[in-house]
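Encoded as structure tokens, the structure appears first; notes follow it.
Laboratory data are not the source of any read-out in this text; all were calculated from the coordinates shown. What you see is a predicted model; the values in this text were computed from it and never measured. Note that each Cβ is placed from the backbone with ideal geometry, even for glycine, and that neighbours are counted across all protein chains shown.
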Amino acid sequence: MTANPSTGPAVEMRGITKRFGSVLANSGIDFKLDRQEIHALLGENGAGKTTLMRILFGLYQADEGEIFVRGESATIRSPKEAIARGIGMVSQHFALVPTLTVTENIILGTTSGLPLRMEQAHERVANAAKQFNMAVDPAARVQDLSVGQRQRVEILKALYRQAKVLILDEPTAVLIPQEVDLLFESLRKLRDNGLSVIFISHKLHEVMSITDHVTVLRGGAVAGAVQTSSTNPKELARMMVGHAAARARKSEATASPGQAALVIDRVNAEDNKGLPALKDISLTVKAGEILGLAGVSGNGQTELAEVLSGIRQVSSGRVTVNDRDVTNADPQALMAAGVGRIPEDSRANVIGQMSVAQNIVIEHIDDYSRNGLLDRKGITQHAREIISEYQIKTGLEDHIRTLSGGNLQKVVLARVLSGSPRVLIIAQPTRGLDVAATEYVRGKLLEQREEGAAILLISEDLDEILQLSDRIAVIYEGQIMDVVDAEKAEIDRLGLLMAGVVHE
Amino acid sequence: MDIAQTGLFLAGLIAATLRVATPLIYGTIGEVYTERAGVLNLGIEGIMFLGAFVGFAVAFHAEEAGFAAYLWIGLLGAIIAGLVMGLLMAFFSVTLGANQHVSGLGITLLCTSLSLFGFRMVFGERAVLPSIDPFTQISIFKNIPYLGQVLNQYLLTYLAFLVVVPLSWWLLFRTTFGLQILAVGENPEAVDAAGLNVSRIRYSVLGLGGALMAVGGAFLSLGQLGAFSPGIIAGRGWVCIALVIFARWHPLRAALGALLFGGVFALQLRLQTMGFDLPFELFLALPYLVTILALALAGRQIAYPGAYLKPYKRE
Amino acid sequence: MRIQIDRLPAPLWQRLLIPVVSIFLTFVITAGFVTAVDANPFEATYYFLLDPFSSRVKGIEILVKATPLLLTGASVAFAFAGGYWNIGAEGQLYMGAVAATAVGLQMHDASPWIAIPLIVLGGIAAGMGWAVIPALMKVRLKIDEVVTTLLLNSVAIFIVSALLNGPWRDPVSQWPQSPEIAAAAIFPRLIPRARLHLGFLIAIGVIILFWFVMKRTAFGVKMRAVGINREAARFSGIHVDRVMFTVALVSGGIAGLAGAGEVAGIHFHLIDAISPGYGYTGILIATLGSLNAIGIGLAAVFIGLIDTGAQTVSRVLGVPVFLGDVIQASLLLVTLGMLLLQNYRIMLKRKG
């Protein structure tokens, strides 16, 4: 290539193809990042955004394609080589060592020679923080920092290594709106001072507000590349989804909620570190309604789902299901009380190296055995019925870990629904699923609502909450901020509640 | 006992404590390194055994060949053997990502059997165990009353307490390499993202740890005994595993733990020779029981390195 | 032609090939040690693998050697399959041997019908008892069982040594070995003029039971679930702690049974070296046998074969008897490496 190194774009990727086994994650992707711009990489979960960026950062190797950095052809085989070329990446899961200080985390890998001069290092980090306008205490231990602060450490870490290109993978997923504003402000300043930023996201309004260019990925290929100022959310959405999505909608028949089926009364619980995660939570879900629980990730949703799934103890409060006390009941007792549970991370909550059939019956394994001996005929028969009823593409004896995300979620859903639960605790039911599987799962949930189940839907996807819920509760730092009727819910107000702003 | 006798008894006890603690220091510090990097090396028992054997066998032949520094040549041999076995452990636990318990025990079995096989191969079956003139103790202080007895120690003992322990503290907590070790043991993703090579760090640490363990074993054959026997290590490697937890992965506390164990061991030996009829095995079992008790009391509060037992793979 | 490797569970034939290839590789690797002592590796391999079948006595000796290994292998495999890393089979075996000796010494007036069941139960109970401490620490205090079970091995060996140097020292010979147990408590021989004893049948029974529990019972499903994914098992309503505690105790009991078998079937009194590391070899057998009943059975017999062969090789070729141990250790490591291939499907594909 003859492009002039001094004038070439910050990054150019041409014809990038990457396969994982038989899955084509990236297929012939072209991507160009100009200097001093914020460029969105937009797409649904599984569209191939993260894969492409992990290739740019040297974490994966492309099967085909070329990369140019500032006009120079570049082979990037490891993060080390990426960093050497001025590329920095902040992943969703921060690559920080919690037990070390901010300074130690930032200088990790940048020092040579044996002795560490910590005083000087602190000073250098403090200077960098000042230069880039990122307030952090260099001597603080990372484990004591808030999520927003940790993100700042990550960005500072990249800048400290003289990054000229910064990749941010869904940086706002863990932030409250105020922190998002702060982040955007910093990014704009950094851009004006010469940085190029790749902003991975699936949130349209963020992309519209912060970026200069947008490249949309769909199913591992480029669906479009446009200037932000010349497009609109509708067009971007169309590129992202590919077709005017016939999204599942609440049935016209308005909900006719019945009795209160699930009552959560002033529940308190602690997280894994022993810190309060749920503070006096009270919620009621009636038969035949979906109560959506909205909130930014990490505000107690996981702990609440775990409490209601029987795998986390409450420190005080009461939970009843159809007037039956199930406070601190174990999973078996909850299931006996008619509670069905879909966990936040299905793949982590099945027995990967066991067959699909055994996974289907495992919650009721004692019902499928006599005097301790397995009723193998019964298990096979039941599993076969479920597989055909839910159209799951699998063999009975396949290890469940070999299933795709959609099929796996169907197994988990089927396993729960076959017990005809009266109360459903559902967490992030469509995270990571493709459009068809998402529609299928949402349809099933609405079907259950029709049949009179009381559903608590915990989701970080506000669109999903708005689409399915009859009422919406917002959780912030372990507290319920408010519960509103979905019909009357205003997105702005929900956003404020999610940010912990109480007054109107 | 009068005062002079008590003084002599105590001085002798302290001197013996330091001697008994020496191989444990090397082994425990070696294991502190590997566990700080996230790898439990259960090969320690075998690596110490191999160190004792290789150190002895090499020194024996170097002595026969007329080298004056045969003991140091032997020690070098042990270091190389320990290094190789540490790297083999790294191959299984880091490169292959195999289960660390099983790999470690496999290394122990391999080192033990190789040493026994090698000993029989090199020395055949002899009526009298082959032996060498071992390291002598530093006796420049011998005229100082009491203290002279305490300070009458092997150079390797001095090295253990005055160099290996403080140097390890410094290396772990005050250097670039130490920062990388701590980081790789807590969160290898962070190390990878920082452009460092996770495997290389773990390989170096396992090699270093293996070398230290082997020195611990060689101290016994080249220093204390001047010979090699199948019972030479007798579970000292497992004591080190216990001490690492007792020390909560800190080199200074590891030295303290080794001294405590050395003290108990030396005391029971002395009481035995003084004719007390004690079930001395119970004394020997003490460090194990104390560690288990300490574990039970500290329980969940023990903060294992974050990536303890976890192989690292991208994705 | 090219080789294609996919990250998918390997097909059965490939998994069956893993131990075979491992054994082959091990013999190739260890051939170096044989040549180092000026012996012919092919000859050595013959004496290791084939000669033991050449006579009735040697053939039976394989099974004698396999008897404790079947049990420790099953003990370790049961624990591992249930997600409990019991490294303590060695200590549990020792404690089983202690209890068996204690029972056996009291049975001078009893009939074998009483003495033998009692000695068996004594061994099991003591093995379980020794496993209780780390198991409780695991489920109650969440303390890693690897270190506790490992450390208790040393403690058990010290206890045996204290007993043999103290109350049980042989009053006649003054050797550190216990007096002989009552004749009624000695396991009957299965074949005249050979050392094969009742313990072998018991061990086979344990292996069959192992298979049955794992494949045919609800408990087997639960324990495998716990072994594969503890959190998911808990979410599915399995009482993880209860299952793990049971697994730990059963594992300890089986190891204790191995100790009882060595006392009542082979030695007839307690000695310091009642086990030359059978508990650790159990880890090799569990790994080599892929935690599966048939695999464990074959692996135990194979190691029995190596142990028998090692003695012949040593006698005939003058190779140190420890070569057998070197082969076993190498085999463990080679298998451990090869087992990773389980997760890959290797296929030969024609180009095009």
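Structure notes:
- Angle between chain B longest axis and helix B:251-273 axis [Cα atoms, degrees, rounded to 10]: 30 degrees
- Each peptide in A:272-279, A:345-352 gets a packing score, the mean of other Cβ atoms within 10 Å over its residues, and the list from highest to lowest is A:345-352, A:272-279.
- Dipole check for chain C: with +1 at the C-beta of Lys and Arg, -1 at the C-beta of Asp and Glu, and the Cα centre as origin, the magnitude is about 1600 Debye.
- Applying the criteria of a DSSP loop state and at most 12 other Cβ atoms within 10 Å to the trypsin sites (Lys or Arg not before Pro) of the range C:86-162 yields C:LYS142.
- Test item: A:51-64 mean partner chain Cβ contacts at 10 Å: 1
- Rounded tilt (10° steps) of B:198-218 against the dominant C-alpha axis of chain B: 10 degrees
- Cβ crowding within 10 Å averaged over residues, with A:432-445, A:284-297, C:10-23 ranked highest first: A:284-297, A:432-445, C:10-23
- Selection from A:SER196, A:SER146, A:GLY443, by position along the positive dipole direction of chain A (Cβ): A:SER196
- Phi-derived couplings, Karplus 6.51 cos²θ - 1.76 cosθ + 1.60 at θ = phi - 60°, listed residue by residue for the range C:11-21: x, 4, 4, 5, 5, 5, 6, 4, x, 5, 5 Hz, with x used for Gly and Pro.
- With 26 Å as the limit on Cα-Cα distance, the pairs of A:LYS18/A:LYS157; A:LYS49/A:LYS273; A:LYS286/A:LYS488; A:LYS49/A:LYS279; A:LYS377/C:LYS222; A:LYS279/C:LYS138 that go past it are A:LYS18/A:LYS157; A:LYS49/A:LYS273; A:LYS49/A:LYS279; A:LYS279/C:LYS138.
- In this structure the amide hydrogen of A:GLU64, modeled in the peptide plane, comes within under 5 Å of the amide hydrogens of A:THR17, none closer than 5 places in sequence on its chain.
- Between the listed residues C:GLY253, C:VAL240, C:MET214, the Cα displaced farthest toward the positive end of the dipole of the range C:211-254, a dipole computed from Cβ unit charges relative to the Cα centre, is found at C:MET214.
- With both residues required to sit in the protein assembly as shown, DSSP beta bridges show an antiparallel share near 60%.
- Relative contact order computed over chain A (Cα-Cα under 8 Å; 6+ residues apart), in percent: 15 percent
- Neighbour cut-off at most 16 other Cβ (10 Å), DSSP loop, trypsin sites (Lys or Arg not before Pro), the range C:192-268: C:ARG193
- At most 13 other Cβ within 10 Å, DSSP loop - chymotrypsin sites (Phe, Trp or Tyr not before Pro), the range B:258-289: B:PHE276
- Cross-link pairs beyond the 19 Å C-alpha cut-off, checked among A:LYS203/A:LYS234; A:LYS393/A:LYS444; A:LYS32/A:LYS80; A:LYS80/B:LYS313: A:LYS32/A:LYS80
- With the convex hull drawn around the C-alpha atoms of the range C:280-352, the volume per residue stands at 127 Å³.
- Under Karplus coefficients 6.51, -1.76 and 1.60, residue-wise ³J(HN,Hα) of the range C:199-206 in Hz, glycine/proline x: x, 5, 5, 4, 4, 4, x, 5
- The charge dipole of the protein assembly as shown, taken about its Cα centre with unit charges on the Cβ atoms of Lys, Arg (+1), Asp and Glu (-1) only, comes to about 1660 debye.
- Calculated [θ] (222 nm, deg cm²/dmol) that DSSP helices of n ≥ 4 give over chain B, each run adding -39,500 (n - 2.57): -22000 deg cm²/dmol
- Within 10 Å of the Cβ of each residue in C:216-225, the mean number of Cβ atoms contributed by other protein chains is 6.
- Once backbone amide H atoms are built at 1.01 Å from N, A:ALA454 has A:GLY288, A:VAL423, A:LEU424 as its partners under 5 Å, excluding neighbours fewer than 5 places away on the same chain.
- Dipole orientation for the protein assembly as shown: of the candidates A:THR51, A:LEU278, B:LEU260, A:THR51 has the Cα lying most toward the positive pole (charges on Cβ; Lys, Arg +1; Asp, Glu -1).
- Rounded tilt (10° steps) of B:3-36 against the dominant C-alpha axis of chain B: 20 degrees
- Percent of C-alpha pairs per 10 Å bin, chain B, short to long: 6, 26, 33, 23, 9, 2, 0, 0
- Each residue of the range B:162-177 was assigned a 3J(HN,Hα) from its phi angle through the Karplus curve 6.51 cos²θ - 1.76 cosθ + 1.60 (θ = phi - 60°); the sequence is 9, 10, 4, 5, x, 5, 5, 4, 4, 4, 6, 10, 10, 10, 4, 4 Hz, with glycine and proline shown as x.
- Rg/Rh, computed from the Cα trace of the protein assembly as shown with Rh as the Kirkwood radius, has the value 1.00.
- Remark: mean inter-chain Cβ contacts per residue of C:138-145 equal 3, using a 10 Å Cβ-Cβ cutoff to other protein chain atoms.
- Over all pairs of different C-alpha atoms, the range A:359-441 has a mean inverse distance whose reciprocal, the Kirkwood radius, equals 13.7 Å.
- Förster radius 45 Å - calculated FRET efficiency between A:SER316 and A:ASP63, Cβ distance, rounded to 0.05: 0.25
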